[in-house]
1. For segment 150-203, give me each residue that is open to solvent by less than 20 Å² (accessible area, probe 1.4 Å) and out of contact with any strand residue (DSSP E or B) (no Cβ under 9 Å at 6 or more places or on another chain).
2. Of these, 320, 392, which one is under 22 Å from the mean Cα position of the chain (by Cα) and either surrounded by fewer than 18 Cβ atoms within 10 Å (Cβ to Cβ) or at pLDDT 85 or above (or both)?
3. Take segment 396-432 and flag every residue that is open to solvent by less than 10 Å² (accessible area, probe 1.4 Å), in contact (Cβ under 8 Å) with a residue 60 or more places away in the chain and among the β-branched types (Val, Ile, Thr).
4. State yes or no: is residue 134 in a loop (DSSP other than H, G, I, E, B) and open to solvent by less than 40 Å² (accessible area, probe 1.4 Å)?
5. Somewhere in segment 377-395, is a residue part of a loop (DSSP other than H, G, I, E, B) and closer than 22 Å to residue 198 by Cα?
6. Just the residues that are in a helix (DSSP H, G or I) and either of a type in the set (Val, Ile, Thr) or within 17 Å of the chain's Cα centre (by Cα) (or both), please, taken from segment 137-157.
7. Exactly one of these conditions fails for residue 387: (1) among the aliphatic types (A, V, I, L, M); (2) open to solvent by 10 Å² or more (accessible area, probe 1.4 Å); (3) under 19 Å from residue 156 (Cβ atoms). Give me its number.
8. Is there any pair with a first residue in segment 338-359 that is farther than 16 Å from residue 305 by Cα and basic (Lys, Arg) and a second that is at pLDDT 90 or above and open to solvent by less than 10 Å² (accessible area, probe 1.4 Å) whose Cβ atoms are under 8 Å apart and which are 6 or more apart or on different chains, and what are they?
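The values are calculated or read from the model by the stated rules, or taken from the named source; none is laboratory data. No experiment lies behind these values; they were computed from the predicted model shown. With ideal geometry, Cβ positions are generated from the backbone for all residues, glycine too; neighbour counts draw on all protein chains shown. Note: accessible area is taken over every heavy atom of the protein model, side chains too, but ligands, DNA and RNA are not part of it. Shrake-Rupley method; radii C 1.70, N 1.55, O 1.52, S 1.80 Å.
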Amino acid sequence: MLRILRFAAVLGGLILSASALAKDIDAASYGYPLTNPFEATIATTPPELRPDLPDDQDIDQSDYTLNLRPEREFTLPDNFWAVKKLRYRLAKQDHPAPLIFIIAGTGAPYTSTFNEFLKKLYYKAGYNVVQLSSPTSFDFMSAASRFATPGVSKEDAEDLYRVMQAVRAQHPKLAVTDFYLTGYSLGALDAAFVSHLDETRRSFNFKKVLLINPPVNLYTSISNLDKLVQTQVKGINNSTTFYELVLAKLTRYFQQKGYIDLNDALLYDFQQSRQHLSNEQMAMLIGTSFRFSSADIAFTSDLINRRGLITPPKFPITEGTSLTPFLKRALQCDFDCYLTDQVIPMWRARTDGSSLLQLVDQVSLYALKDYLHDNPKIAVMHNADDVILGPGDLGFLRKTFGERLTVYPHGGHCGNLNYRVNTDAMLEFFRG
């Protein structure tokens, strides 16, 4: 009898463990056509495999402004006039409906391509939608960030939370039934910290929170992207730059087509042609894009805080001032440099923090492990081949989220975000 009971206990444990396993999507049945993670990251999903979504003219939407940092009106240079107030976009239903906040990825404004796509997806499904810029975008840093030094996830989440509260206060007549939250890439990490903050502040009591392709260890993700810039690319030498090489390929591609067609299918079609980019070239393109985002962050943070690392503190900047010399200087500082020169000193001055490793733990999903493990309203969708993941990251997600983690076999970094299979799963999660 004792042996039977032991067997039953073991069997029950196995069943319980199986029910907590992540949902690993089978590659053969998934159907996403791009199996190269670099290609997927750049080209995303072929248009014919995306969901049918409404046009902008069919959406009741408007852009609004918030005056959250009025002192910046006087301290920011004149050529920052467009970002002295924070802008966001709200799409409204004509009946009581849930509202979903969307947080953009690294350096992206509220109008980013993925934010726009997700807005249309959720609006069609009957949600009110608010599009928010990333705390690392220059507009958010200028108009909403208290310290204008993004990278400390808890501080970024508090800035985002204030923005969300201000948005809600600005639309008192909007009939909202429930609040939801999502973000992609760095915006997904931000969403996790915002959700954790809301557990104590209780302004929204988010019903569901979806994290799409979040960095697990922020420092690992940053390092992965920074390394892509250092890729050795065949054909690049002292006389031929990377950009000239890509431009030459595009020129030959359009010559072979016989016309120039800059549409949504361009990158996918281009990668099927003889002029397609190699893995090294695609890696360089992704890394370069991230380096420009890092440069924007470093430049804006330095300028607002008058640190003198990139822009001399008393240098007069007017609407006619060329910022090119400062951009060049900022491009020489990768994200690791930005963390070392700006984030860590600010963090140490405000906390009892000391080492980089301590900061890395505080700004990554590790810091929220217990909260994420025990909270059934939070789910993650990720790709097994995502270029921002490092060793052990998927293991952490599996152990922390269990069956609330969906792992797709392909898609790179957010490349399959607009694939019909993924969007159906997103809607199913929020409706469930």
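1. Result: 150, 151, 152, 153, 156, 157, 159, 161, 193.
2. Values: 320 fails: under 22 Å from the mean Cα position of the chain (by Cα).
Of the residues listed, the single one that is under 22 Å from the mean Cα position of the chain (by Cα) and either surrounded by fewer than 18 Cβ atoms within 10 Å (Cβ to Cβ) or at pLDDT 85 or above (or both) is 392.
3. Within segment 396-432, 407, 423 qualify.
4. In short, yes.
5. yes
6. Scanning segment 137-157 gives 138, 139, 140, 141, 153, 154, 155, 156, 157.
7. (3)
8. none
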